[in-house]
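Shown next, in structure tokens, is the structure this report addresses.
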Amino acid sequence: MKTILRKICPFILSVLILCSALPVRVSAGYEIPGTCQVQADTGTTGIVKILDHDYVNNTYFSLRDLAMILKDTDKSFSLKITKNSVFLFPGNSYEPVGTENIPWEEDENPDGVLRRNEFEINGQKVLYYTMITGMSSGDYDCFIMAADLAMLLDMGITVSDTGSLQIHTQEPFCVSPADLEKSGYFYGVNSVLAGDAATGEIYYGYQSDIPYPIASTSKLMTCLLTMDAIAAGQLALEESVTISDAVEQLSSSGDGVIPLKAGEQITVQDLLFGLLLPSSNECALCLAEAIAGSEEAFVQMMNRKAQEIGLSQAVFFNSNGLPAYTEEPVPAKRQNRMSAEDMFRLASYLLRIYPQVTDITSQKEAVLQSINFEVRNGNPLLHNLEKVTGLKTGTTNKSGACLVTSLSVDDGTTGHDLIVVVLGTEDSIERGRVSGLMARYALRTFYEGREEPGTGADAQLLPIHAEAAVERIVKTATK
């Protein structure tokens with residue numbers, strides 16, 4: 001089975017580069033209607049309506065059409081679609097509404113907006129971007145990326161030489177990041193990295209040694225220094241901190257997330273929840289002032305800590321990752337920077353020294369008790385993938401959309417934290433998709449092992465740490 005997977009993986013999800021494969025009717029448009037031929041490995045074939053969003057071949061596929069094609073397979077599912085909601089039930093038989101597997105009508109002009117519609121799988125909320133459109137029958141249809149559906153249903157999808165979409169219901173979801181890199185998939189991303197924090201082994205890296213702006217993922221260092229202060233007895237989780245004028249000013253600005261008023265108090269624990277879940281900039285500043293007396297002094301601590309734990313390319317200008325301006329007549333705009341490799345080291349160190357941080361980052365929502373304010377976690381993978389425990393999102397215009405993901409796994413005797421770092425995607429849509437792909441790759445690599453030399457594109461990526469090399473030998477011997 002593993003031999004088969006090794007042969008199939010480089011081709012699975014070639015659908016991600018549909019821009020060079022699927023036929024379309026026109027060359028440009030906002031939402032371009034078209035059709036695609038889709039075939040399941042059971043032999044079932046049908047026409048599937050598609051919408052190209054903003055760009056040709058940025059293709060979203062009709063869920064109803066796909067449900068009909070998968071109706072008698074192991075990946076069958078039923079649907080309930082309303083104007084703003086999608087409810088999908090895997091394993092159920094689909095009941096057609098009469099619009100399935102037929103082309104768009106001549107004068108049909110589908111009106112859909114790409115958004116995070118309410119989406120549930122067997123009653124569990126997931127976070128994927130979809131378009132919901134009204135059909136001529138009066139029913140609604142939902143359009144979803146083929147890669148997202150493949151991840152949802154754990155199945156393989158490829159594109160044939162003729163441009164048709166092939167669905168492999170008997171094959172698990174599988175992706176080769178090296179092949180994605182060759183196809184140009186990562187060209188719109190600053191850097192990508194996946195590895196095992198417990199051993200230091202890097203599974204895959206793309207431009208991972210180049211420093212880039214890291215936006216609010218900077219708050220992982222702020223969290224680390226806060227945990228250090230708590231461990232040293234300087235702060236306590238239940239301790240209350242008085243909110244300063246500077247914190248209130250940031251809170252009321254366009255970069256504010258949580259309403260904080262000068263003179264009021266908030267606990268250190270609530271500041272940590274605000275820091276890590278909704279990515280509160282004012283909570284970061286409040287913690288910096290509580291620990292070091294001023295943000296300037298705290299930034300010095302951040303840079304010293306970075307050197308102490310071996311972050312050779314990290315530089316910090318503030319506690320939260322926002323753009324920082326100099327005081328010159330013509331101010332320079334600076335942002336915290338770090339390579340993906342340094343971010344991997346930071347996240348690994350944080351999880352090793354303070355594993356309890358995932359008690360916070362694994363929560364989808366929380367109430368800040370001391371100010372009676374509800375917050376939500378911005379990490380979409382907490383909803384979309386089991387074993388995800390955190391860690392941190394980040395976005396600025398310069399950094400793009402970033403996400404550091406942690407996953408808790410077990411090799412049967414020892415727990416491991418897998419880390420996926422994605423820096424500089426175009427938007428939060430791509431951030432979630434790239435992170436989801438890489439997280440699943442990391443899980444497969446951990447449980448099934450890396451390809452042996454000469455069997456695939458990842459063969460040259462050998463362990464870079466002695467501990468990882470020893471573990472690889474033990475796993476190989478066990479197999």
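The values are calculated or read from the model by the stated rules, or taken from the named source; none is laboratory data. Note that the structure is predicted; figures quoted are calculated from it, not measured. Because the Cβ atoms are built from the backbone with ideal geometry, glycine has one as well, and the counts that use them run over all protein chains shown. Ligands, DNA and RNA are stripped out before the accessible areas are found, and what is left, the full protein with its side chains, is counted by its heavy atoms. Shrake-Rupley method; radii C 1.70, N 1.55, O 1.52, S 1.80 Å.
Need at least 2 residues that are over 24 Å from Ser428 (Cα atoms) per element, so show me which strands (runs of 3 or more DSSP E) inside the stretch 40-120 make the cut, counting only ones lying wholly within it. Give the steps one after another, and end with the answer.
On the way: elements: 45-53, 59-62, 77-81, 85-90.
Those strands (runs of 3 or more DSSP E) span 45-53, 77-81, 85-90.
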With Ser218, Ser279 as the choices, which residue is among the small types (Gly, Ala, Ser), open to solvent by less than 50 Å² (accessible area, probe 1.4 Å), part of a loop (DSSP other than H, G, I, E, B) and in contact (Cβ under 8 Å) with a residue 60 or more places away in the chain?
-> Ser279
Checked pairs for the stretch 175-195, first more than 17 Å from Val404 (Cα to Cα), second in a loop (DSSP other than H, G, I, E, B) and open to solvent by 40 Å² or more (accessible area, probe 1.4 Å), C-beta under 7 Å and 6 or more apart or across chains, list as Ser176/Pro10; Asp179/Pro10; Gly188/Glu426
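Conditions tested, residue by residue: (1) assigned to a strand (DSSP E or B); (2) polar (S, T, N, Q); (3) at pLDDT 95 or above; (4) surrounded by fewer than 19 Cβ atoms within 10 Å (Cβ to Cβ).
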| site | (1), (2), (3), (4) |
| --- | --- |
| Ile371 | no, no, yes, yes |
| Asn379 | no, yes, yes, no |
| Thr393 | yes, yes, yes, no |
| Cys402 | yes, no, yes, no |
| Gly412 | no, no, no, yes |
Taking the stretch 322-354 and keeping residues open to solvent by 70 Å² or more (accessible area, probe 1.4 Å) and either within 21 Å of Tyr203 (Cβ to Cβ) or assigned to a helix (DSSP H, G or I) (or both) leaves Arg345, Arg352, Ile353
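In the stretch 274-322, which residues are of a type in the set (A, V, I, L, M) and within 25 Å of the chain's Cα centre (by Cα)? Even if it seems obvious, please write down each step before you answer.
Start the filter on the stretch 274-322 by keeping residues that are of a type in the set (A, V, I, L, M), which leaves 275-277, 284-285, 287-288, 290-292, 297, 299, 301-302, 306, 309, 311, 314-315, 322.
Answer for the stretch 274-322, where residues must be of a type in the set (A, V, I, L, M) and within 25 Å of the chain's Cα centre (by Cα): Leu275, Leu276, Leu277, Ala284, Ala306, Leu311, Ala314, Val315, Leu322.
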Of the residues Thr267, Thr242, which single one is surrounded by fewer than 18 Cβ atoms within 10 Å (Cβ to Cβ) and in contact with a strand residue (DSSP E or B) (Cβ under 6 Å, 6 or more places away or on another chain)?
-> Thr242
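I'm trying to understand the selection: among the residues of the stretch 414-436, which are outside any loop (DSSP other than H, G, I, E, B), acidic (Asp, Glu) and closer than 19 Å to Gly188 by Cα?
The initial filter retains those residues of the stretch 414-436 that are outside any loop (DSSP other than H, G, I, E, B), namely 415-425, 428-436.
Add one more test, that the residue is acidic (Asp, Glu), and what stays is 417, 430.
The answer is Glu430, and nothing else.
Just a yes or no: is a residue in the stretch 285-297 part of a loop (DSSP other than H, G, I, E, B), under 11 Å from Met221 (Cβ atoms) and open to solvent by 10 Å² or more (accessible area, probe 1.4 Å)? First the steps, then the outcome.
Looking only at the stretch 285-297, we keep the residues that are part of a loop (DSSP other than H, G, I, E, B), and these are 293-294.
Remaining after also requiring under 11 Å from Met221 (Cβ atoms): none.
There is no residue in the stretch 285-297 that is part of a loop (DSSP other than H, G, I, E, B), under 11 Å from Met221 (Cβ atoms) and open to solvent by 10 Å² or more (accessible area, probe 1.4 Å).
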Considering (1) in contact with a Ser or Thr (Cβ under 6 Å, 6 or more places away or on another chain); (2) part of a strand (DSSP E or B), say which one Ala439 fails and leave the rest.
-> (2)
